[in-house]
1. Which numbered condition in (1) among the charged types (D, E, K, R); (2) free of Cβ contacts under 8 Å to residues at least 60 places away in the same chain; (3) in contact with a Ser or Thr (Cβ under 7 Å, 6 or more places away or on another chain) is the only one that K233 fails?
2. Could we say that T240 is surrounded by fewer than 21 Cβ atoms within 10 Å (Cβ to Cβ), under 26 Å from W155 (Cα atoms) and either touching a residue at least 40 places away in the same chain (Cβ under 8 Å) or within 15 Å of the ligand (Cβ to nearest atom) (or both) here?
3. Name, by its number, the condition in (1) within 16 Å of M259 (Cβ to Cβ); (2) in contact with a Pro (Cβ under 7 Å, 6 or more places away or on another chain); (3) near the ligand (Cβ under 9 Å from one of its atoms) that does not hold for R202.
4. Since N144 meets every condition but one in (1) surrounded by fewer than 22 Cβ atoms within 10 Å (Cβ to Cβ); (2) under 30 Å from R26 (Cα atoms); (3) near the ligand (Cβ under 10 Å from one of its atoms), which condition does it not meet?
5. Only one residue in T36, T92, T65 is crowded, with 16+ Cβ neighbours inside 10 Å and farther than 22 Å from A267 by Cβ. Which one?
6. Looking at L82 and the list (1) within 16 Å of the chain's Cα centre (by Cα); (2) part of a loop (DSSP other than H, G, I, E, B); (3) modelled with pLDDT of 95 or more; (4) over 22 Å from G23 (Cβ atoms), which single condition is not satisfied?
7. Could you list, in sequence order, the residues of segment 166-188 that are without any contact (Cβ under 8 Å) to a residue 40 or more places away in the chain and either within 11 Å of the ligand (Cβ to nearest atom) or under 17 Å from F33 (Cα atoms) (or both)?
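The values are calculated or read from the model by the stated rules, or taken from the named source; none is laboratory data. Just so we're clear, the structure is a prediction, and the values are computed from it rather than from any experiment. Glycine also receives a Cβ, built like all others from the backbone with ideal geometry; neighbour counts cover every protein chain displayed.
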Amino acid sequence: PYCFSKTDIIQSQDAQIHPMDIGLIRGYGIFDFFRTSNYVPLFLSDYLDRFIRSAEKTHLDLRYTKKELEEIILKLIEQNDLENGGIRMLLTGGLSENHFSPAKSDLFIFCEELLFPSPSKYEQGVKLVTADYVRAIADIKTTNYAYPVWLSAQWKSLNAEDVIYHHQGIISESSRSNIFVIKNEEISTPSEHILHGITRKRVLELAPRTSIRAITLEELMKADEVFMTSTTKRILPITTIDESKVGNGKVGPFTQQLMEEFKKMEAKHTLH
Ligand code: PLP
């Protein structure tokens, strides 16, 4: 496979990063991740906008325009014959003289195999566990996922799919997904301390009456339906939180309908 490394497209195995890059020693860098569907980079413009915004907000110099990034990506899809795959863009913090201040960043763009959750998870829903945590600079897609990577041993031991964060009684998001809550036929999604997911944005288009607001942990635990959204999960139903069932413990009708509508929207975007 080929990747983009710093200035050129090269063999992925030849890509190199300096071990003292503050992306590694300080966890300071940004990334983004999207997928191709039928060779089309799905919702690419939105992901590029977010990546560019993350670079600006972290004071990292991307040195490539949106148009240039798009051209590199289309070339990589062709060279790697990436019909249905993931594409990861990474901008490092750079090799810093004082090992702390952002310096000259390196850009990498990698193609990956996609791992979707199994069909049974969409049919039965999954379990999440709650954890008191709030992400710092939450709306920037930084490479710092130290807390959830560390926590994953715990949620796996509890047979959970992932975590849901709450702090001072207010929920925010899952480790790599956004959250939607349905109660009495009303859909809501958290407004603060979240990454603005591209999948979330699309679901908001499908469900324009969704209320975007602070949602309490108590509301979450009393919801009729809960689901999570992300690039690799699309819409994934949540039927257990900690040791309680969500609603009747089955995938609810609103979630089911949105799952179907999302698939249709995706198909419409990937027709040639
Ligand atoms: N929240 C966080 C912290 C994430 O890392 C991600 C995705 O990686 C999301 C939400 C979901 O965003 P998207 O739908 O753009 O994949």
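1. The single condition K233 does not satisfy is (2).
2. Numbers: surrounded by fewer than 21 Cβ atoms within 10 Å (Cβ to Cβ): yes; under 26 Å from W155 (Cα atoms): yes; either touching a residue at least 40 places away in the same chain (Cβ under 8 Å) or within 15 Å of the ligand (Cβ to nearest atom) (or both): yes.
Criteria met by T240.
3. Status for R202: all satisfied but (2).
4. All conditions pass for N144, except number (3).
5. Numbers: T36 fails: farther than 22 Å from A267 by Cβ; T65 fails: crowded, with 16+ Cβ neighbours inside 10 Å.
That would be T92, the only listed residue that is crowded, with 16+ Cβ neighbours inside 10 Å and farther than 22 Å from A267 by Cβ.
6. Every listed condition holds for L82 apart from (1).
7. We begin by selecting, within segment 166-188, every residue without any contact (Cβ under 8 Å) to a residue 40 or more places away in the chain; these are 167-168, 172-173, 175, 186, 188.
Those that are without any contact (Cβ under 8 Å) to a residue 40 or more places away in the chain and either within 11 Å of the ligand (Cβ to nearest atom) or under 17 Å from F33 (Cα atoms) (or both): S172, E173, S175.
One line per residue, one yes/no per condition, for (1) within 16 Å of the ligand (Cβ to nearest atom); (2) in a strand (DSSP E or B):
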| position | (1), (2) |
| --- | --- |
| P19 | no, no |
| S54 | yes, no |
| K75 | no, no |
| S105 | no, no |
| C111 | no, yes |
| F116 | yes, no |
